[in-house]
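K.L.:
Next up is a structure, given as C-alpha cells.
The values are calculated or read from the model by the stated rules, or taken from the named source; none is laboratory data. Since we're looking at a predicted model, the values are computed, not measured. Here the Cβ is made from the backbone with ideal geometry for all residues, glycine too, and neighbour counts use every protein chain on show.
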Amino acid sequence: MRTILPLLLLAAFCCRSIVSAQTAPKGVPAVQLLAANDTILLTVDGEKKVIHHYIKPKQTLFSISKFYGLSLQELYELHPEFQTEPVLKVGKFVSIPIPNRAIRRYKGSNFNPAKFVPICYVVQNGDNLFQISKRHFSMPVDSIMKRNRLKTESIQPGQLIHMGWMSAEGIPAEWRAGMAPTPLSTHKERYIEEKKTRKEVESQGVCSWQRDSNEKGDLYALHREAAIGTVMGVTNPMSRKTVYAKVIGRIPAGYESNVEVVLSPAAARQIGARDPRFFVKLRFLK
C-alpha cells in the first residue's frame with residue numbers, strides 16, 4: 001500500500017479550499033462522524049482510493065463501519081487487528097477504501113458548505129501532478145492547480161492536494177456494490193513492489209525501542225537516511241524474524257550515534273525484541 005506520510009504533520013494541515021455540499025444521498029447512515037471543518041486524507045492503494053479516518057472521542061468500530069457503508073464484519077476483514085484490539089484510540093487513523101462515486105470532484109450547483117468535507121490526496125514518493133490528476137481522479141491538471149493555488153506542477157512528498165469532497169453524512173452501503181473488503185496491502189508487499197524501481201541498501205547496527213510502552217498495532221521506524229514514507233525491512237538475527245515497517249521520520253537528537261534505527265514497540269516485539277537496544281540488520285530503498 002502507498003501509505004500515508006508522517007501523520008503528526010498532516011493532522012495539523014487545514015485545506016485552503018471552501019467545502020461544498022448537496023442533499024445527502026438517499027440511504028446514508030444517520031450517524032455523523034465528520035463535520036464540514038474536518039479534512040479527509042486520501043491515498044491510492046493499487047486501484048483503491050483509501051481514506052484515513054481520524055478517530056475522535058466516542059467513536060466506535062460500529063459507528064465508523066455504518067458511516068462508511070460497511071458491516072462490522074467487513075471492517076474486521078479490512079483490519080483483522082480490531083478483532084483482538086476493539087477499543088479505538090483517539091488520534092489514530094483507520095484506513096478504509098471508498099468507491100469512486102463517493103468523491104465529489106467539482107462543486108456544481110446548489111453549493112452548501114455545511115454538508116461536505118474536503119478530501120486531500122497525500123503526495124507520495126514518486127508522485128507527479130499529472131499522475132494524481134489524470135490517472136487517479138480523471139481531472140485536468142490545470143483545474144487541480146487552480147483549486148490548490150499552485151504556481152507550478154512541482155509537488156513534494158507529504159504535501160496535501162485538495163481533490164474534491166465527500167458527504168459529511170456518510171456513504172450509502174449500496175455504493176459499495178462490487179467492492180470486496182479485502183485487507184489493504186501489507187508493508188512487505190509494498191516493499192517487494194517498490195524494490196522493482198528503487199535501489200536496495202543493506203546496513204546493520206543497533207535498534208532502539210521503548211520496551212515499557214503499551215503502544216500496539218502500528219509498525220513504523222525512524223531512520224537517518226531512508227526516504228520518509230517508504231518501507232524498510234528489519235531483521236533480528238537472534239530470532240531470525242523480519243518486520244517490515246514504514247519510515248515516518250528521522251532519528252531525533254539525543255540518541256547515540258550507533259543507533260541505526262528506532263522501531264515502534266509493535267514492530268520490535270514482532271521480531272522478538274527483549275532488550276531496549278539490540279543488534280539488527282536492515283534493508284531499505286533509495
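K.L.:
Among the residues of segment 31-68, which ones are small (Gly, Ala, Ser) and in contact with an Asp or Glu (Cβ under 8 Å, 6 or more places away or on another chain)?
P.N.:
If the condition is that a residue be small (Gly, Ala, Ser) and in contact with an Asp or Glu (Cβ under 8 Å, 6 or more places away or on another chain), then Ser65 is the only one that fits.
K.L.:
Going by what's in this entry, would Asn112 be described as modelled with pLDDT of 90 or more and either hydroxyl-bearing (Ser, Thr, Tyr) or over 24 Å from Ile55 (Cβ atoms) (or both)?
P.N.:
It is false that Asn112 is modelled with pLDDT of 90 or more and either hydroxyl-bearing (Ser, Thr, Tyr) or over 24 Å from Ile55 (Cβ atoms) (or both).
K.L.:
Can you report the number of residues in segment 17-32 which are aliphatic (A, V, I, L, M) and either surrounded by fewer than 19 Cβ atoms within 10 Å (Cβ to Cβ) or modelled with pLDDT of 90 or more (or both)?
P.N.:
The qualifying residues number 4.
K.L.:
Just one of (1) modelled with pLDDT of 95 or more; (2) of a type in the set (A, V, I, L, M, F, W, C); (3) assigned to a loop (DSSP other than H, G, I, E, B) trips up Met179, so point out which.
P.N.:
(1)
K.L.:
Hey, another quick one. Is it the case that Arg149 is closer than 20 Å to Val44 by Cα, in contact (Cβ under 8 Å) with a residue 24 or more places away in the chain and in the same structural domain as Glu174 (by TED's automatic domain parsing)?
P.N.:
Working: closer than 20 Å to Val44 by Cα: no; in contact (Cβ under 8 Å) with a residue 24 or more places away in the chain: yes; in the same structural domain as Glu174 (by TED's automatic domain parsing): yes.
Answer is no for this residue.
K.L.:
Considering only segment 227-286, how many residues are surrounded by fewer than 13 Cβ atoms within 10 Å (Cβ to Cβ), on the phi > 0 side of the Ramachandran plot and of a type outside the set (D, E, K, R)?
P.N.:
The initial filter retains those residues of segment 227-286 that are surrounded by fewer than 13 Cβ atoms within 10 Å (Cβ to Cβ), namely 237, 240, 252-254, 256-258, 274-276, 286.
Remaining after also requiring on the phi > 0 side of the Ramachandran plot: 240, 254.
If we keep only those that are of a type outside the set (D, E, K, R) too, we end up with 254.
Qualifying residue count, segment 227-286: 1.
K.L.:
Go through segment 258-286 and give me each residue that's within 23 Å of the chain's Cα centre (by Cα), farther than 18 Å from Arg224 by Cβ and among the basic types (Lys, Arg).
P.N.:
Across segment 258-286, the qualifying residue is only Arg269.
K.L.:
Further question on the same structure: Within segment 259-271, does at least one residue satisfy the condition of being in a strand (DSSP E or B), farther than 23 Å from Glu200 by Cα and not hydrophobic (A, V, I, L, M, F, W, C)?
P.N.:
No: zero hits.
K.L.:
Identify all residues within segment 59-89 that are over 22 Å from Thr186 (Cβ atoms) and surrounded by fewer than 18 Cβ atoms within 10 Å (Cβ to Cβ); write none if there are none.
P.N.:
Gln59, Thr60, Phe62, Ser63, Ser71, Leu72, Val87
K.L.:
Sticking with this structure for a sec: Quick test for you: out of Lys56, Lys49, Lys92, pick the one residue that is within 21 Å of Arg147 (Cα to Cα), at pLDDT 70 or above and either surrounded by fewer than 19 Cβ atoms within 10 Å (Cβ to Cβ) or not β-branched (Val, Ile, Thr) (or both).
P.N.:
After applying the criteria, what remains is Lys49.
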